[in-house]
Amino acid sequence: MKKVHVSTTINGTLKEFLCDTRETLLDALRDHMLLTGTKEGCGTGDCGSCSVIFDGDVICSCLTLAAEAEGRNIETIEGMAEGGELHVLQKKFLEHAALQCGICTPGILMASKALLKKNNNPSEEEARFWLAGNLCRCTGYDKIINAVLDAAREIREESDGV
Amino acid sequence: MAFDNVSAKSFKVVGTRPERPDGIEKVTGQARFGADAYLPGMLHGAILRSPHAHAKILSIDISALENDKSVKAVVTRNDFECNLTGEDWNILENIMAGEKALYDGHAIAAVACSSLLEAKDALKKIIVQYEILPHVTDVEEAMKENAPVIREGSARSSVPKGMHPNIVGYHESGHGDVEAGFKEADLILEENFRTEAAHQGYIEPHACLATMMPDGKGEVWCCTQGHFNVAKVCAKLLGSDASQIRVTASEIGGGFGGKTAVFIEPVALALSKKATHPVKIVMSRNEIFRATGPTSSTSMHVKIGMKKNGKITAAEGTFKLQGGAFPGSPMAESAMCAFAPYELDNVRSVGWDVMCNRPKQAAYRAPGSPMAAFAVESIIDEFCKRLKLDPIEVRLINAVTEGSKSSYGPKFQRIGLVETLEAAKSHPHYAAPIERGVGRGISCGFWFNFGGETCVSLALSEDGTASLSVGTPDIGGSRASMSQIVSEELNIPYEKVRATVADTATLGYNEISHGSRVTFATGLATIKAAQDMKKKLCLRAAKVWGLDEEAVYWEEGYVKPAGPNAGDHEPLSIADIAKTMGRTGGPIVGHYEASPEGAGVSFATHIVDAKVDKETGFTSIERYTVIQDAGKAIHPSYVEGQFQGGAAQGIGWALNEEYIYDKKGILQNAGFLDYRIPVASDLPKIDTEIIEVPNPGHPYGVRGVGETSICPPLAAIANAVSSSAGIRMKQLPMSPPKILEAMDDNNG
Amino acid sequence: MKYEAPETIDQAIDIYSKFNGSKKILAGGTDVLVQLRTDIVRPEMVMNIKKINSLHEFCIVDGYWKIGAAVSASKITKNTAFISEWPGIAEGVGLIGSTQIQNRATLVGNLSNASPAADGIPALVAANAKVEIVGQQGSRVKDVYSLIEGPGKLHLSKDEFITHILIPLQRDRSADCYLRFIPRTEMDIAVVGCGVNLSVKNQSISSAKIVLGAVGPKVIFADEAAELVLNSRLDKDVILKLQRMCEEIATPISDKRGSIRFRRQVAGVLAKRALQKAYARALEVS
Amino acid sequence: MADVYLWAGAKRLIEDESPLNISGKTVGELLQNLVVKYPNLKNIVREGVSCSVDDKLVFNSSTETVFENSEVYIFERISGG
């Protein structure tokens, strides 16, 4: 079977890989680039564990063909902390104990990052609905929402300070 | 073993909320879970599963794969050990069918190929001939005389003679004279209740990477709640030795009991042995729903007699649990937990374990207890309504306290049920006015908690820091709590402790992380290992100073000379002793290994406000409060997290989660789209209050917390929904169609 | 499986019409990928149309809102001019899946999948929307309702595919609404859906369309019910009758998502609520 | 001799009324002696039991000490999730 050659930008770096046309972006990230921070929970777009940011929008990488990545810009959890410095969301998740098992955490962080980029002052309800596509079975979401809202507050304070 | 008296000591580190040691890995995507391991030459395995609920396997034709170069190995039941009995045979029969497929999704064969796509294509070429047999998926139907027999001879010896072969377990407990008790009652209520099977719903699929050499040596990397058990089971199923199969537990993406069982690891090992390559198997979500978990579905009958003042005079319950195609449903637990919160002179509980053509039930957070609480606490709620009594007062009147005889036999030691009820009574939630259309529900819940085989090792490094090796996979932040305990005991900073879940070759056997045992048992072992280390540090200092052991003592992180020698020597810190330990006698390691008993039972009281849309049957949870006795909270944030997680799972189970089978016994909702676990927008904030009534069986007073939190929600929500809808809900889940139906039936 | 990603509509027509095997068009991919993954479809060719610029159009042309096949749901729900004109269509589109799905899924894809439970369709039908179809023979326009044949099926020939949705501009003193029922707050397939589009004159309803979803093999026009509400101000007795009519006209099946009895009951409730909401909206703009 | 109480389901297998008087310095010894005295209980003990000794729950350990006047409740083995 002939494979497809794909060149794409992942976390700011140009990457190339060969894939089967049936493979998803999630398969390519994990199996071809060993970026295993993006998780598979269901493979059918129902759990959000595989969330990545694709040309600026948060999407399920399990519902995207690997071949579609050609010429695109992809951000994964591995690119969230920059220069040895954790993203404010990552810090807040640790501070608020917003993770228990941690499997949903990368997806929730990516989705939250997209939320705060769009709206740095979400209400609790907005945050809950935005994250409705990210299942968490451990926490009951309480501490996750607290962490996201606290991160938003810090982002607002930082931008006000400038 | 002797237990330390609970000291009213003040803690420095225990009870604080440091960041978890595995946190940064988990927020940066570096943590390696079950599916995150790769090895050179690795193959991908896939499993063929039965499309029938009950069928004789006439033949499995793999000839189409024989010339397929992409297929590196195929295994069927013939590739596993054939002389197994008892539970070992049950596990094998479940992970790879023998003569019959016993449920939709039962494994039939497996292949290994270079890629997962190839493996899935290869499965399509296997031809299986089935003879479809009549099936049964309902617990009541399975007990009937003419029900299809799942398997003859599976019953335990406690089952009365002459029962249907599908009835494989019987439990009866209680005391007093129930009939006499009912005669004393002013009001007797009895009712039937049903609950559907609910899946643990961990987000991480079962995954493993296994290597097995022809000589029987194996290595497994997998997500499990108990890697020592995986080694034991794999060895048995493959005819190898437990010591020859080294299992490393990956980070685990949720378990809730569902990852105490073994499903794919022996299959991956068998494939690897045939292919002489490492084999990785990752279950799809569809496979997870069809062939792992869930907990039992139930049919229950409860009868309670009460005085006008709220005092229960007698209670009786029958709990029939369907456990899938194998024995082992937690019916004894249901029967024993059902009335545990109440001091009863007359009580009788009966449990039945029933087999059906469904996947083998697996433990799910306090197995058996939540369903029983749903039945019992619903009836108590109904008494409160009929007798116009306050639901918390009624529970307080009947609540067990230290010295009360439990419904299952022994007397309770120190417990905190009354404290949770008192806290509920004075909680702002309980005082808040109830809005129009909203119903408020209360329920108590009980769970035993466990100890079990535990072994830890605490090694001192030359720089005075410590590394702790535990054998219990960290399913809820236990490395943080264990590090806190070491820090507390040794007086070294929390950050200077590194806690690791060691593999099976590195530590002695550790029982599975289950039964809310880790913070209790591994915590206790960690305290003892640290005390062992302190003793060795003292000995070492004494040796250096040329003093007797008795002439030194430990204080606040230092070994100091005692008595007449006080002042002769500068106190030595851990770091001082560590620096020179190579020259003063060698490495210093604290150990502890035992099967600690004395896990304190725990109780919780939940308050919930729910609002039912009477036109559509939709329920929204408006407010939720969890109050639970933790004994002593080592890391309060993770204790709260357990409380909230238990409540959230309970909300799902109560409202929407269920296994839906069609007439052919095929699971209709094997995915997260139609197996509806709560999403963020479904839930309100979940308020928590930690009660600390110390467990006399633990040096710090710790009780397990993970499981009790799921015992009250089913009943608390049912009581709230019933109140809002104006009709008693007796069946879970209380999905919108069921609520409307119940309301209609009531009106018409 | 062959993967094609043409950059012009002509290339796309050429590739698609000349391929004789089983084929699927990938716009958002949120349905196709699930079907691929679960072996419901095994196409020999997938054609990604997202690289075609003209399919990203979302603007008013010749009295119609024109929405290209590659326009994501989130682009539609972000367009304030559109959502103030067609809040109901936007509501339907906004309910297709999670945030992640919204960023990928398209309205044309929702329509092409032709699920009886599609959230995007009832409001489109109520708005009398049309689609632009291309094929070897050129292009044609067809209304959404008659395009749908049944579950998963559209009246399209083998070489044809949809390029745009055409939604007429909303009339004066008019408004639409879409409501659906699911057991959770998010992430479910509609158990019942209802789209309403109506106009008012002197506070009374002067025209109305009521379209029920997920209660039949394709969307159902509740014409009698729509007639009933004409010239009314949705008084109690009208509402009650309307509710009963919608219950009766629904022809649902029983499945894992709901029983016949339940779906009928909820169809009535949703029709009532959607009408009331659309009516309130129409009064607001009158 | 400890006072031993069986769960009702097991009690049905023997004629005697609770409590049974059984000797044994540990839980393991006590269970052995129980089976010797009541062979009908052999299978249920083999299938797994838990117990309490003087109100302390003992799920696993057969070496747990039993005293002369201990009160021992025996129930079916329970396990967690």
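Observations on the model:
- Residues that are over 26 Å from the mean Cα position of the chain (by Cα) and not in a helix (DSSP H, G or I), drawn from the stretch B:268-297: B:THR276, B:HIS277, B:PRO278, B:VAL279
- Filtering B:GLY617, B:GLY701 for residues that are modelled with pLDDT of 95 or more, crowded, with 24+ Cβ neighbours inside 10 Å, on the phi > 0 side of the Ramachandran plot and more than 14 Å from chain A (Cβ to nearest Cβ) leaves a single hit, B:GLY617.
- Tally, over the stretch C:153-173, of residues that are hydroxyl-bearing (Ser, Thr, Tyr) and either surrounded by fewer than 21 Cβ atoms within 10 Å (Cβ to Cβ) or touching a Cys at 6+ places or on another chain (Cβ under 9 Å) (or both): 1
- Residue identified as in contact with an Asp or Glu (Cβ under 7 Å, 6 or more places away or on another chain) and buried (at least 17 other Cβ atoms within 10 Å of the Cβ) among D:SER61, D:SER79: D:SER61
- Single unsatisfied condition, B:ALA109 versus (1) closer than 18 Å to B:LYS56 by Cα; (2) assigned by TED's automatic domain parsing to the domain that holds B:ARG77; (3) surrounded by fewer than 23 Cβ atoms within 10 Å (Cβ to Cβ); (4) in contact with a Lys or Arg (Cβ under 9 Å, 6 or more places away or on another chain): (3)
- If you go through the stretch B:541-556 and pick out every residue that is in a helix (DSSP H, G or I) and closer than 21 Å to B:GLU488 by Cα, you end up with 1.
- Residue pairs meeting the criteria (Cβ under 8 Å; at least 6 apart or on separate chains; first on the phi < 0 side of the Ramachandran plot and at the interface with chain A (Cβ under 8 Å from one of its Cβ atoms), in the stretch B:1-26; second at pLDDT below 95 and assigned to a loop (DSSP other than H, G, I, E, B)): B:ARG20/B:GLY477
- Any chance B:THR472 is surrounded by 19 or more Cβ atoms within 10 Å (Cβ to Cβ), at pLDDT 95 or above, within 14 Å of chain D (Cβ to nearest Cβ) and closer than 30 Å to A:LEU94 by Cα: yes
- Scan of the stretch C:224-254 for residues that are over 21 Å from C:ARG281 (Cα atoms) and either under 22 Å from the mean Cα position of the chain (by Cα) or buried (at least 24 other Cβ atoms within 10 Å of the Cβ) (or both), ordered by number: C:GLU224, C:CYS246, C:GLU247, C:ILE249, C:ALA250, C:THR251, C:PRO252, C:ILE253
- Where helices (runs of 4 or more DSSP H) fall wholly inside chain D, the ranges with 3 or more residues that are within 12 Å of chain B (Cβ to nearest Cβ), under 26 Å from B:GLY86 (Cβ atoms) and over 10 Å from the mean Cα position of the chain (by Cα) are D:8-11, D:42-46.
- Taking the stretch A:47-67 as the range and being outside any strand (DSSP E or B) and in contact with a helix residue (DSSP H, G or I) (Cβ under 7 Å, 6 or more places away or on another chain) as the test, the residues that pass are A:GLY48, A:SER49, A:CYS50, A:SER61, A:CYS62, A:LEU63, A:THR64, A:ALA66.
- Members of the stretch B:672-698 that are of a type in the set (A, V, I, L, M), assigned to a loop (DSSP other than H, G, I, E, B) and surrounded by fewer than 24 Cβ atoms within 10 Å (Cβ to Cβ): B:LEU673, B:LEU683, B:VAL693
- So B:GLY585, is it surrounded by fewer than 24 Cβ atoms within 10 Å (Cβ to Cβ), more than 28 Å from C:ALA190 (Cβ to Cβ) and touching a residue at least 24 places away in the same chain (Cβ under 8 Å): yes
- The stretch A:9-28 residues that are away from every other protein chain (no Cβ under 12 Å), paired with ones that are surrounded by fewer than 20 Cβ atoms within 10 Å (Cβ to Cβ) and among the aromatic types (Phe, Trp, Tyr) (beta carbon under 8 Å, 6 or more apart): A:ALA28/A:PHE17
- Condition check for A:THR36: outside the structural domain of A:ILE108 (by TED's automatic domain parsing), surrounded by fewer than 24 Cβ atoms within 10 Å (Cβ to Cβ), within 29 Å of B:ASN669 (Cα to Cα) and without any contact (Cβ under 8 Å) to a residue 60 or more places away in the chain: yes
- Options B:GLU99, B:GLU81, B:GLU66, B:GLU93: the member that is charged (D, E, K, R) and either farther than 30 Å from D:GLU47 by Cβ or at pLDDT below 95 (or both): B:GLU66
- The set of residues in the stretch B:576-618 being assigned to a loop (DSSP other than H, G, I, E, B) and basic (Lys, Arg) consists of B:LYS614 alone.
- In the stretch A:104-148, the residue that is surrounded by the most Cβ atoms within 10 Å (Cβ to Cβ) out of those that are charged (D, E, K, R) and more than 9 Å from every other protein chain (Cβ to nearest Cβ) is A:LYS113.
- Filtered residues of the stretch C:163-195 (kept if under 30 Å from B:TYR675 (Cα atoms), of a type outside the set (D, E, K, R) and more than 14 Å from chain A (Cβ to nearest Cβ)): C:CYS177, C:TYR178, C:LEU179, C:PHE181, C:ALA190, C:VAL191, C:VAL192, C:GLY193, C:CYS194, C:GLY195
- Test: residue in the stretch A:79-96 that is of a type in the set (S, T, N, Q), more than 8 Å from every other protein chain (Cβ to nearest Cβ) and either out of contact with any helix residue (DSSP H, G or I) (no Cβ under 9 Å at 6 or more places or on another chain) or free of Cβ contacts under 8 Å to residues at least 40 places away in the same chain (or both): no
- Among residues of the stretch B:508-519 that are facing another protein chain (nearest Cβ under 10 Å) and over 19 Å from B:GLN200 (Cα atoms), those with a beta-carbon under 6 Å from a residue that is surrounded by fewer than 24 Cβ atoms within 10 Å (Cβ to Cβ) and among the acidic types (Asp, Glu) at least six positions away or on a different chain give the pairs B:GLU511/B:GLU453.
- Only listed residue being within 14 Å of chain A (Cβ to nearest Cβ), of a type in the set (Gly, Ala, Ser) and either under 24 Å from C:ASP176 (Cβ atoms) or free of Cβ contacts under 8 Å to residues at least 24 places away in the same chain (or both), chosen from C:ALA105, C:ALA90, C:ALA118, C:ALA123: C:ALA105
- Condition check for D:ILE74: in contact with a Leu (Cβ under 8 Å, 6 or more places away or on another chain), β-branched (Val, Ile, Thr), under 23 Å from B:ALA594 (Cβ atoms) and buried (at least 21 other Cβ atoms within 10 Å of the Cβ): yes
- Qualifying residue in the stretch C:206-229 (condition: without any contact (Cβ under 8 Å) to a residue 40 or more places away in the chain, assigned to a loop (DSSP other than H, G, I, E, B) and over 25 Å from C:LYS153 (Cα atoms)): no
- The residue that is surrounded by the fewest Cβ atoms within 10 Å (Cβ to Cβ), counting only those in the stretch B:132-158 that are at pLDDT below 95 and touching a helix residue (DSSP H, G or I) at 6+ places or on another chain (Cβ under 7 Å), is B:SER157.
The values are calculated or read from the model by the stated rules, or taken from the named source; none is laboratory data. Computed from a predicted model, the values in this text were never measured in an experiment. Here the Cβ is made from the backbone with ideal geometry for all residues, glycine too, and neighbour counts use every protein chain on show.
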